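The values are calculated or read from the model by the stated rules, or taken from the named source; none is laboratory data. The structure presented is a predicted model; accordingly, all values stated were derived computationally and were not measured. In this analysis, Cβ positions are derived from the backbone assuming ideal geometry, glycine residues included, and neighbour counts consider all displayed protein chains.
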Amino acid sequence: MVQESMFDVIIVGGGPGGMSAAMVLGRALRTVLLIDEGEPRHAVTKASHGYLTRDGIEPDTFRTIAQQELQQYPTIQRLGDTVRAVGWEKSYFSIVTASGARWWSRRVIIATGMKETLPSIKGLKDVYGISVFPCPYCDGFERKGKSLALFVSGEKLLSFTKLLYNWSRDVIVFTNGYSEVPVAAQKECEERGIRIVTSPVKALLSHRGVLTTVVTHNGEHIARNAGFIDHPPAYVPLYIPGITHNKRHGLEGDHHGETKVKGLYVIGDAKNAFTGLIGAAAEGYEAGVEINHSLVEEDWDRRN
Ligand SMILES: Cc1cc2nc3c(=O)[nH]c(=O)nc-3n(C[C@H](O)[C@H](O)[C@H](O)COP(=O)(O)OP(=O)(O)OC[C@H]3O[C@@H](n4cnc5c(N)ncnc54)[C@H](O)[C@@H]3O)c2cc1C
């Protein structure tokens, strides 16, 4: 049960970004309320890679370890709830949750991550996060040299193909019905033995989440054993009045994450669309330090 209603900092979202901010603030003796509904976007994966000392960890285990570490700090309280509204007047923020509770704080960090909408390809849900992934830096190493399907179209077609070619020379690009592939891109791919299939994808066949075949509308069955997909459309699942979105569809914030509303910060995927676990944690740490400095100054002036 949450003990107070006024906090130094309320953090919305308990992924690596939010939990890292909570730790640095809690250790700085700030009272922190971390509100998390517990539905991270990468929950579909079995293993997260690239976080030094935690490479290959299961997302659930990562969360459990982080939560256990945060529990050591009496300054940090955790609430399982969904934030519905963030408001502010003068120097205080108010937060309203789905359960109808209202909390106040001097600073707020939005660390909600993003929610994504998968394209409606039959069978994609069965393989997404198990053998088809959005990020080669996260999951490319384990698929090196495999027969890869790459689902991409439009202006990212060539750059994503080049990137994936770094991990495997056996790549087939599926544009899922998008036929306007620039001639130069076609030529560059052809020269490297990369086929571009423009027929719409009818279905992905798999066995226990492992992709086996891409079936196209023109009747082809193309064997592939893993794949990558251009980032599915994603959005920040919380409306904050007056805060604009950046080019990545995240919320606009400066390099420390502060938005144009003083004291309101945004970090991690909610700002950058795809920060990675270690990037989100780093942003949480940085915003936490920045916020504590601003509170130290405020408290110093008050006591004078
Ligand atoms: C399929 C897939 C595989 C990935 N693999 C890797 C990998 O191997 N390595 C890697 O570094 N990165 C990987 N990522 C990316 C990584 O998961 C994110 O970049 C990272 O989790 C972002 O951290 P975050 O703290 O910003 O947000 P998240 O981890 O998404 O956490 C946000 C939290 O906020 C909660 N929340 C949202 N809205 C509200 C609300 N209104 N009220 C309360 N709580 C709310 C969510 O439920 C969630 O628990 C992968 C992503 C995907 C989709």
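Just a few scattered comments:
- Some residue of the stretch 128-137 being more than 10 Å from the ligand (Cβ to nearest atom) and part of a strand (DSSP E or B): no
- Among residues of the stretch 187-244, those that are assigned to a loop (DSSP other than H, G, I, E, B) and under 23 Å from Pro136 (Cβ atoms), counted: 12
- Against the test of being in the same structural domain as Val24 (by TED's automatic domain parsing), within 20 Å of Leu29 (Cα to Cα) and within 12 Å of the ligand (Cβ to nearest atom), the options Arg78, Arg106 yield a single qualifying residue, Arg78.
- Here Glu4 does not fit the description of being assigned to a loop (DSSP other than H, G, I, E, B), touching a residue at least 24 places away in the same chain (Cβ under 8 Å) and closer than 30 Å to Arg208 by Cα.
- Residue ID - surrounded by the fewest Cβ atoms within 10 Å (Cβ to Cβ), chosen from residues in the stretch 21-30 that are touching a residue at least 60 places away in the same chain (Cβ under 8 Å) and assigned to a loop (DSSP other than H, G, I, E, B): Ala28
- Residue match in the stretch 38-58 (condition: outside the structural domain of Ser131 (by TED's automatic domain parsing), buried (at least 17 other Cβ atoms within 10 Å of the Cβ), near the ligand (Cβ under 8 Å from one of its atoms) and among the basic types (Lys, Arg)): yes
- Restricting the first member to the stretch 281-292 and to residues that are in the same structural domain as Lys262 (by TED's automatic domain parsing), and the second to residues that are among the acidic types (Asp, Glu), the beta-carbon pairs closer than 9 Å and six or more apart or on different chains are Ala287/Glu258; Glu290/Glu258; Ile291/Asp8; Ile291/Glu258; Asn292/Asp8.
- Figure legend. Inter-residue proximity from the stretch 31-47: first residues free of Cβ contacts under 8 Å to residues at least 60 places away in the same chain, second residues among the acidic types (Asp, Glu) and outside any loop (DSSP other than H, G, I, E, B), beta-carbon distance below 7 Å, spacing 6+ or different chains. Indicated pairs: Thr31/Asp8; Val32/Asp8.
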